[in-house]
Amino acid sequence: MDDKARRLREITTKEQLTMLLNDRSENTETWLVHNSVLENLLELGTNNMREMSENEITELAQYLGTNAEQLNRPFMVDSNLICPTCSRKLTFLDFVKTAIEGDPKLHSKERIADILSGRNGNWLTIGGRKFERTVYCSNCGEGIVYRTHNYSNRNYAYA
Ligand SMILES: [Zn+2]
């Protein structure tokens, strides 16, 4: 999600959102989401999702160097994602840490904290048809390959 590489595109209607999800492009894309479509963003990917606990949100906030109160709930994550090595239940933190510390380094902590606090618009990342990624467990470092996943908070969703 490099600023320079991103083509600025915005989702402004529910119909556009549905079309983009049903007819995915080959590669993963990130879109700006207009406030009027925000409620539809919150409805995404509710199957097998669980809400992150306050302890898990605090852990995420500490990593990002911000206060847990600043982060916009609800934080939802796929409840099937459990580390096979240490049994950690993966949260937003594991995905965020992978994006910040992985290769390539995709984000800064400040930018992610801004987005999750609602200070930098609403964003949706849509997994492409060839979608496959590795997330690294923030506890033991195990790499976990996944093909489908969802995680979201009030201002950001990955679907
Ligand atoms: Zn682990």
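Where a number appears in this text, it was derived from the coordinates with a stated rule and is not lab data. Everything numeric in this text was worked out from a predicted model, so none of it was measured. Please note: Cβ atoms are built from the backbone with ideal geometry, for glycine as well, and neighbour counts cover all protein chains shown.
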Segment 58-122 to segment 16-35: how many Å between their Cα centroids? 21
Return, ordered by residue number, the residues of segment 93-130 whose backbone nitrogen is under 19 Å from a label point located 7 Å along Cα→Cβ of Ser53. 93-95
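Quote the convex hull volume per residue of segment 1-134, based on C-alpha atoms, as a whole number of Å³. Please list the in-between numbers first.
Working: hull volume 16.8 nm³, N = 134.
Dividing the Cα hull volume of segment 1-134 by its residues yields 126 Å³.
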With Cα coordinates, the longest principal axis of the chain makes an angle with the long axis of helix 54-64, in degrees rounded to 10, of 80
If you average the sequence gap of Cα pairs under 8 Å that are 6 or more apart and divide by the length of the chain, what percent do you get for the contact order? 30
Quick one: if you stick a label point 7 Å off each Cα along the C-beta vector at Glu39 and Leu21, how many nm between them? 1.5
